[in-house]
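Asker: First the structure, then my questions, so here it is.
Rule-based calculations on the coordinates, nothing more; no lab input. Note that the structure is a prediction, hence the values are computed from the model and not measured. Here the Cβ is made from the backbone with ideal geometry for all residues, glycine too, and neighbour counts use every protein chain on show.
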Amino acid sequence: MKRNGLHLKLQAWRVEGEKLAGSLTQLAQRASVYRHIYRASGGNHIFPLIAAHGALWARGYFRWALDLGQKLAWQYAFQPELKASQLASLDSFANAFRDINRRVCADTYANFHFTAEHGEEAAATDLVPLDLLQSLNKVHAAQRTGRVLTDAEKQEIFTAHFLYEQEHVVGPSLQAAVDAFDWPAAKFIALRPVIHFAYFPERTSYWFRNFADRSERISRGQQAFQLAAAAGFPRVEAALRKYEMLPEAFFAQPSEYFASLRQQVLGVA
């Protein structure tokens, strides 16, 4: 297929991915999309599995951050306009994080399904960066033959996808959000989250010195993968239950659950 035809195919998958990723606050829906990709890969594509944890963990983080903002805003009790402005700034910052998560989900969905269909075509290299394309092609080749990749191979694919998202989606958008966040005290705290995904060992958490630091995000992402590999990926998938945000059907009938969600969102069988 020629490049223009492939471009239209990729755009169609992006449109579908954006719809399935939902609104800013539909974190559980995004977790469902992420888990679908992980399962469709035959359990070889670990990035979406860990991203599902990130989406569900974020609900508690946003609640904490916005509650903290309300408390910090008491210093402006006699400056109602400034108080409203600072709280709006915090809300915009939180929405920027939600939007990044939404766009990463849509992008992951589109690239995965597009490469499953057309990843081996020569013109695909014009549309998907080579490192990501090669990694996804390896996932699809393994899935088609029923091969389970080694943890080392899975980590290589995870790293390629993680670095791609950091460069093309997360990094630029996050920096723009940080630059626009004009409340120094709230910004200082918001950029230092303590992350504990449900599959982490009980006393293991990762504290960020500066979430805007790309090298630190990459380091923490690798640590999250290593903990997932140590726990075993089926246990990491099962741990999604611990957030108490997903219905029983999500766990009992994974394929049927996603098919129903897709039909509901897209209006297709």
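Asker: Return the aspartates and glutamates within reach of residue 187: Cα separation strictly under 15 angstrom, same-chain partners fewer than 8 residues apart disregarded; answer none if there are no such residues.
Answerer: Reachable aspartates and glutamates: 67, 91, 179, 213.
Asker: Report, ordered by chain and residue number, the lysines lying within cross-link reach of residue 2, taken as a straight Cα distance under 25 Å and ignoring same-chain residues fewer than 8 apart.
Answerer: Within the straight-line cut-off, residue 2 pairs with 138.
Asker: For region 1-127, what are the per-bin percents of Cα-Cα distances with bins 10 Å wide, up to the bin holding the maximum?
Answerer: Histogram of Cα-Cα distances, whole percents per bin: 13, 33, 25, 16, 9, 4, 0.
Asker: Give the residue list of trypsin sites (Lys or Arg not before Pro) in region 1-89 that are DSSP loop and have at most 13 other beta-carbon atoms within 10 angstrom. Mind dumping the intermediate values first?
Answerer: Values: sites: 2, 3, 9, 14, 19, 30, 35, 39, 59, 63, 71, 83; in loops: 2.
Qualifying residues, ordered by number: 2.
Asker: Of all alpha-carbon pairs in the chain, indicate the percentage at a distance above 26 angstrom. Provide the component values of the computation, followed by the final result.
Answerer: Details: 15800 of 36046 pairs.
Result: 44 percent of Cα pairs exceed 26 Å.
Asker: I would also like to ask the following. Go through region 202-269 and name the chymotrypsin sites (Phe, Trp or Tyr not before Pro) that are in a DSSP coil and have 12 or fewer other Cβ atoms within 10 Å of their Cβ.
Answerer: none
Asker: Now a separate question. Which lysines, on any chain, are close to residue 9 with Cα under 18 Å apart, when same-chain ones fewer than 8 places away are left out?
Answerer: 19
Asker: While we're on this one: Is any helix in the chain, taking whole DSSP H runs, at least 24 angstrom long along its axis by alpha carbon and on average at least -1.0 on the Kyte-Doolittle scale, and which ones?
Answerer: Membrane-span-like by this rule: 3-21, 46-72, 80-118, 214-231.
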